[in-house]
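Student: Dropping the structure in here first, questions after.
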Amino acid sequence: MTLQQPPKRVSQQPHATAAAAPVLPLRAGDRVLMPRVLPFATFIAFIILADVLQRLGAPGNTLRSLYPIKIALVAAMLLAWRRNYQELRGVPSRPALFAAVGVGACVFALWIVLDAQWMQAGTPNAFDAAGEDGRIDWPLVAVRALGATLVVPVMEELFWRSFLLRWLQQRDFLSLRPARAGLRAAAVSILLFGIEHNLWLAGIVAGIAYTLLYLRSETLWTPILGHAVTNGLLAAWIMATGNWIYW
C-alpha cells in the first residue's frame, strides 16, 4: 500500500461518434482508458518482476533499485497525461477535505492492527531498507515514502475509483456521476482492491472507506487525500518502528 472531480464533464464519448466514424471510438477509448489503466498496470508489472527476480536469486541491490524506477515511470505517466484527468479539476469543499483526512487517519490505525495471520494472503516480501553495508539506506527509504504518499494514491484512485468503480457500472464511465455507481460495482471494486494487498482485510476496509469518500463527495480528490494520509502515516510509523514488513 502500498498516494478528482464531479464526473459531470465528458471529454470523450466514444458511443456518440460511433456512427459517424467507426475508427474513432477505439482511439477515443484509448485516450480515456490508457491514462487511468497504464500507470497502474506498470506498477503491478514491476511488483511481478521483483517477485520473479527474487525467486531467481537476484541480489538485494538489484531489487532495491526497482522501486525508484517504478515510481519514476508512474509519476512520469501521470504528469504526461495530467490534462486527461478531468476528474482532477476543481477543489473539494473544506468539510470534505477534513473528512478525508480523518478517514485516512482511521484507515491507518486499522491497517496496523488488522494483521493477524488469517487476514494475510501469502507471505509478504518485506522491503529491504538496508544497503550493502547493512545500514538503512535512508535516501531509498525517503523515495519509498514519497512515492507511497504522493504518487501511489493518485495512480490507484484514478484506476480503482475513477475508472473501475464507474466502468463496472457503465462503460462510458466518465459520464457517470460517482454517486450513481451501484452496490455491485462498489462491492466488486472494493473486493479486488483488497485482494491486491497482502493484508487483504485491511485492504477491503480501506477500499470501503475511500469508496464512501468518493461517492459522498463526488470528487476524486477526497479518496486521493484520504489514501495519501493513510500511506503517509504508515510510512512515518514504519520508519519510526522499523516494521519494514508493512512495505
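Student: Assess whether Thr230 counts as being part of a loop (DSSP other than H, G, I, E, B), under 16 Å from the mean Cα position of the chain (by Cα) and surrounded by 22 or more Cβ atoms within 10 Å (Cβ to Cβ).
Tutor: Considered against the rule, which asks whether it is part of a loop (DSSP other than H, G, I, E, B), under 16 Å from the mean Cα position of the chain (by Cα) and surrounded by 22 or more Cβ atoms within 10 Å (Cβ to Cβ), Thr230 comes out as no.
Student: With the requirement that a residue be closer than 16 Å to Ile208 by Cα, among the hydrophobic types (A, V, I, L, M, F, W, C) and surrounded by 21 or more Cβ atoms within 10 Å (Cβ to Cβ), what does the range 165-179 give you?
Tutor: Listed by number, the list holds a single entry, Leu165.
Student: To continue, here is another question. Say whether the condition of being surrounded by 22 or more Cβ atoms within 10 Å (Cβ to Cβ) and among the basic types (Lys, Arg) is met by at least one residue in the range 180-197.
Tutor: No.
Student: What is the residue count in the range 106-141 for residues that are over 23 Å from Glu196 (Cβ atoms) and open to solvent by 80 Å² or more (accessible area, probe 1.4 Å)?
Tutor: Going through the range 106-141 one residue at a time, the tally reaches 5.
Student: For residues in the range 85-96 being of a type outside the set (Asp, Glu) and open to solvent by less than 60 Å² (accessible area, probe 1.4 Å), which is modelled with the lowest pLDDT?
Tutor: Residues of the range 85-96 that are of a type outside the set (Asp, Glu), as a first pass: 85-86, 88-96.
Within this subset, residues satisfying the condition of being open to solvent by less than 60 Å² (accessible area, probe 1.4 Å) are 85-86, 88, 90, 92, 96.
Values: Tyr85: 97, Gln86: 96, Leu88: 97, Gly90: 88, Pro92: 93, Ala96: 97.
Filtering the range 85-96 for residues that are of a type outside the set (Asp, Glu) and open to solvent by less than 60 Å² (accessible area, probe 1.4 Å), the one modelled with the lowest pLDDT comes out as Gly90.
Student: Would you call Val103 touching a helix residue (DSSP H, G or I) at 6+ places or on another chain (Cβ under 9 Å), crowded, with 21+ Cβ neighbours inside 10 Å and within 16 Å of Arg36 (Cβ to Cβ)?
Tutor: No; evaluated as a whole, the condition is false for this residue.
Student: Those residues that are within 12 Å of the chain's Cα centre (by Cα) and over 21 Å from Leu38 (Cα atoms), I need them from the range 152-208; list them, please.
Tutor: Gly203, Ala206
Student: Can you pull out the helices (runs of 4 or more DSSP H) entirely within the range 115-176 that have at least 2 residues that are closer than 24 Å to Glu218 by Cβ?
Tutor: Working: elements: 138-146, 152-157, 166-169.
Ranges flagged: 152-157, 166-169.
Student: Hey, among Leu146, Leu158, which residue is under 26 Å from Asn84 (Cα atoms) and surrounded by fewer than 21 Cβ atoms within 10 Å (Cβ to Cβ)? Can you show your working first?
Tutor: Details: Leu158 fails: surrounded by fewer than 21 Cβ atoms within 10 Å (Cβ to Cβ).
Criteria check complete, one pass: Leu146.
The values are calculated or read from the model by the stated rules, or taken from the named source; none is laboratory data. Not measured: the values here are computed from a predicted model. Glycine also receives a Cβ, built like all others from the backbone with ideal geometry; neighbour counts cover every protein chain displayed. What goes into the accessible areas is simple: the full protein's heavy atoms, side chains included, and nothing from ligands, DNA or RNA. Shrake-Rupley method; radii C 1.70, N 1.55, O 1.52, S 1.80 Å.
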